[in-house]
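The structure appears right after this line, and notes come after that.
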Amino acid sequence: MNGKPAREIHWSATASPPPACSTLKCNTSADVVVIGGGLTGCRTALGLADAGVSVVLLEAQDIGWGASGRSGGQCNPVWRQTPEELATRFGQARAERLVNTTLSAADDLFKDIAHYGVDCDPVQSGWVQAAHTRKSRRSLERLHGAWTQAGARIDLLEGDRVRSMSGSPAYSFALFHHAGGHVHPLSLTRGYARAAQARGARLFCGEAVQTMERADGKWTVSTANGSVTAEQVVQTTNAYTGASPSPGLNKTFFPLVSIAVATEPLTAAQRASVLPDAVTISDTRLAIYFARYDRDGRLIFGCVGSSEHIGKLAGERLLKGLNTVFPQLRGIGLERTWGGRIAVTPEMMPHIHEPAPGLTAALGYSGRGIAMTSVMGRALTRKVLGDAESSLPFPVEAVSPIRFHAPLKAMIPMAAPAMSLKDALDSRIGGL
């Protein structure tokens, strides 16, 4: 790959300092145990601590180690389904709550960042959602009509307007979502964790949960070093959920992979021709292309991968995508490349599950994690505090493993090349 970039997560090298975490060396108690120190877990711990609840957060690695520290960091707030399709699935009342939550999700995220003083390079300059075929154009036109009718601020872009806003000659039709933006995802996660800690939450890292047992109305959550007893447990391990401690939960989604590359900082002239207004961009490919800047003017470019390990073929796929979308950057130096899992549900929507009394789990953001983990964190806080389930934006569903999950999961490494081939055929047959 051009420049032989380091195989290092870019956000780990550029993030704000991590919060000070402890090791759990005793048996302790709290009102709530949160398992998982990613965006959802840290935002939930923050919401609960802000409400005066005693919270312990257990993270098997480090804060933001999983998807939250590996994503593209784009705040893309609108679902792939129309409000009408959401109503068909969830019913009218719940769909209205979800639509209203979605309409404010991006603004609520950036308000959160300002309110809690989170240092995460926030930029809310909009999101370009570009069509790569005539069929995908029709799909975006349908989304535009439905979501603007619901109240979203979305513009139609055609021809020169697409090219001038994106800097890409690869697209001639797009939607522009005014509320979109981008953040440093690991700094956002660490910022939530520090804010939770400042409000009394206790954070323990390097503490993989081994067992959970419930007796006399309380849970005991044990690690190799100690345990926590609490009335409620919230599990937020998302794409890194294993077979335990909640059996079956890891079979409710597919752990797809997102891969990305960080270029060297662009020159002023290059920045004037590529995403000149610091918008984010993603397109309608199955093996989606996405891009945004970091604070130092590096372009972060990504797509769907086969593995978190970036080998030769994955590197070539990234470089081909970068050269396709921004051919004016051909030959630019590449600094880092990395990958991470994303949890994708069959419905492309997040799930809330209640596997047992007092145990709540949430996962499955399907590429909308920056905006929706914040929504979910607030929703989980409300649920723990006693709000009615019917008031939440997402339904609380039984754990229902996907049929034939094991053989389908085994095929995931083949998904990225298969999707890329389908995208290439679609572009050749029905390109704009």
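Expressed as a whole percent, how much of the Cα-Cα distance distribution for the chain exceeds 31 Å?
The proportion of pairs with Cα distances above 31 Å equals 37 percent.
Net charge within 11 Å of residue 304 by Cβ-Cβ distance, Lys/Arg positive one each and Asp/Glu negative one each, not counting residue 304 itself?
+1
Which distance in nm do the two modelled labels at residue 328 and residue 356 give, with both placed 7 Å along the Cα-to-Cβ direction?
5.8 nm
Mind listing which trypsin sites (Lys or Arg not before Pro) in region 299-367 are in a DSSP loop and have 15 or fewer other Cβ atoms within 10 Å?
Values: sites: 312, 317, 320, 330, 336, 341; in loops: 330.
Passing both the DSSP loop test and the Cβ count: 330.
Per the chain: cysteines with no other Cys C-beta under 4.7 angstrom?
26, 42, 75, 120, 303
Apply the Karplus parameterisation 6.51 cos²θ - 1.76 cosθ + 1.60, with θ equal to phi minus 60°, to every residue of region 409-420 and state each ³J(HN,Hα) to the nearest whole Hz, in sequence, with x for glycine and proline.
5, 5, 8, 4, x, 8, 5, 4, x, 5, 5, 5
Is it possible to state the helix-based mean residue ellipticity at 222 nm for the chain, with each DSSP H run of 4+ residues giving -39500 (n - 2.57), the sum divided by total residues, to the nearest 500 deg cm²/dmol? What is it?
-10500 deg cm²/dmol
From zero outward in steps of 5 Å, how is the percent of C-alpha pairs of region 289-398 spread across the bins?
Taking every Cα pair in region 289-398, the percentages come to 2, 10, 17, 17, 13, 11, 9, 10, 7, 4, 1, 0.
Can you give the extra length, in nm with one decimal, that the chain gains between residue 89 and residue 348 once fully stretched, where that is 0.36 nm per residue apart less the Cα-Cα distance?
92.0 nm
Pulled fully out, how much extra length does the chain show between residue 414 and residue 273, if you take 0.36 nm times their separation in residues and subtract their Cα-Cα distance?
The residue 414-residue 273 span can extend by a further 47.3 nm.
What are the lysines whose alpha-carbon lies under 23 Å from the alpha-carbon of residue 422, with same-chain residues fewer than 8 places away excluded?
135, 312, 320, 409
Can you compute the label reach from residue 51? Point 7 Å from Cα along the Cβ direction, backbone N cut-off under 14 Å, restricted to region 379-416.
379-393
Convex hull volume of the Cα atoms in region 233-311, per residue, in Å³?
150 Å³
At 1.4 Å probe size, with every protein chain present, just tell me what the per residue accessible area of the chain comes to in Å². Could you put the intermediate results ahead of the total?
Values: 17050 Å² over 432 residues.
Result: 39 Å² of accessible area for each residue.
Residue 425 to residue 12: extension gain in nm, 0.36 nm per residue of separation minus the Cα-Cα distance?
Working: separation 413, 0.36 × 413 = 148.68 nm, distance 3.66 nm.
Full extension from residue 425 to residue 12 adds 145.0 nm.
Which of the trypsin sites (Lys or Arg not before Pro) found in region 128-208 are loop residues per DSSP with 16 or fewer other Cβ atoms within 10 Å of their Cβ?
153
Lysines within cross-link reach of residue 383: Cα-Cα under 26 Å, excluding same-chain residues under 8 positions apart?
Within the straight-line cut-off, residue 383 pairs with 111, 218, 251.
The values are calculated or read from the model by the stated rules, or taken from the named source; none is laboratory data. What you see is a predicted model, and the numbers here were worked out from it, not measured in a lab. Please note: Cβ atoms are built from the backbone with ideal geometry, for glycine as well, and neighbour counts cover all protein chains shown. Accessible surface is based on the protein model in full, side chains and every heavy atom, while ligands, DNA and RNA are left aside. Shrake-Rupley method; radii C 1.70, N 1.55, O 1.52, S 1.80 Å.
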